[in-house]
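The values are calculated or read from the model by the stated rules, or taken from the named source; none is laboratory data. The structure presented is a predicted model; accordingly, all values stated were derived computationally and were not measured. Cβ coordinates were reconstructed from backbone atoms using ideal geometry, including for glycine residues, and neighbour counts include every protein chain displayed.
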Amino acid sequence: TGDERQAFKMEFLDDFFRWVGELKKERPKLIIVGDYNIAHTEIDIHDPVRNKTSSGFLPEEREWMSKWFNNGFTDAFRFLNPDKVEYSWWSFRARARENNKGWRIDYQSVTDNLRDKLLEAYQMTDVVHSDHCPVYLKIDL
């Protein structure tokens, strides 16, 4: 059911958080990029009001993302583009991509000690291979 899947997702996220916390002890500089399936803040979703009870924008998911970004990780895209609206996922329904009614759920997370090395981060919205688009990160290592 939806509740079971949501509970599994939250358990996975908590396990992942702990695992990465241990990994950071040995490898303090990390870049973790992928589909978190969570729109962190209202700017990351085209309709935050109507989606406030949708999986991917639930309060507990958004709180987890805040915990992630408040415990040693930086959202590379948002750090470089604090007010920019770009999405990485669109439903196949209702011409959502064409109308840019999407969600930013794919993140480029870097440890805070790499924040000053960030050069560019964006969504490659013109690349269409699925309901997601690739994300781009340029960093000066």
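Per this entry, Ala39 is counted among residues that are part of a loop (DSSP other than H, G, I, E, B) and surrounded by 11 or more Cβ atoms within 10 Å (Cβ to Cβ). Residues in region 109-132 that are in contact with an Asp or Glu (Cβ under 8 Å, 6 or more places away or on another chain) and part of a loop (DSSP other than H, G, I, E, B): 1 in all. The set of residues from region 91-113 being more than 14 Å from the chain's Cα centre (by Cα) and under 13 Å from Ile38 (Cα atoms) is empty. Only one entry in Val33, Val20 is over 22 Å from Gln123 (Cβ atoms), outside any loop (DSSP other than H, G, I, E, B) and β-branched (Val, Ile, Thr), namely Val20. Is it true that Tyr87 is outside any helix (DSSP H, G or I), closer than 20 Å to Asp14 by Cα, at pLDDT 95 or above and aromatic (Phe, Trp, Tyr)? Here the answer is no, as Tyr87 does not meet what is asked.
Inside region 54-100, can you point out the residues that are surrounded by fewer than 21 Cβ atoms within 10 Å (Cβ to Cβ), in contact with a strand residue (DSSP E or B) (Cβ under 7 Å, 6 or more places away or on another chain), under 14 Å from Cys133 (Cα atoms) and not small (Gly, Ala, Ser)? Once the filter is applied, which keeps residues that are surrounded by fewer than 21 Cβ atoms within 10 Å (Cβ to Cβ), in contact with a strand residue (DSSP E or B) (Cβ under 7 Å, 6 or more places away or on another chain), under 14 Å from Cys133 (Cα atoms) and not small (Gly, Ala, Ser), region 54-100 yields Glu86, Arg97.
Just one of (1) free of Cβ contacts under 8 Å to residues at least 60 places away in the same chain; (2) assigned to a loop (DSSP other than H, G, I, E, B) fails for Phe79. It is (2). Inclusion of Glu61 among residues that are closer than 27 Å to Val127 by Cβ, part of a helix (DSSP H, G or I) and touching a residue at least 12 places away in the same chain (Cβ under 8 Å) is warranted.
One line per residue, one yes/no per condition, for (1) aliphatic (A, V, I, L, M); (2) at pLDDT 95 or above; (3) closer than 30 Å to Asn99 by Cβ; (4) in contact with a helix residue (DSSP H, G or I) (Cβ under 7 Å, 6 or more places away or on another chain):
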{"position": "Phe16", "(1), (2), (3), (4)": "no, yes, no, no"}
{"position": "Asp47", "(1), (2), (3), (4)": "no, yes, yes, no"}
{"position": "Asn70", "(1), (2), (3), (4)": "no, yes, no, no"}
{"position": "Asp75", "(1), (2), (3), (4)": "no, yes, yes, yes"}
{"position": "Pro82", "(1), (2), (3), (4)": "no, yes, yes, no"}
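Among the residues of region 97-133, the ones that are free of Cβ contacts under 8 Å to residues at least 24 places away in the same chain and more than 16 Å from Asp75 (Cα to Cα) come to 7 in all.
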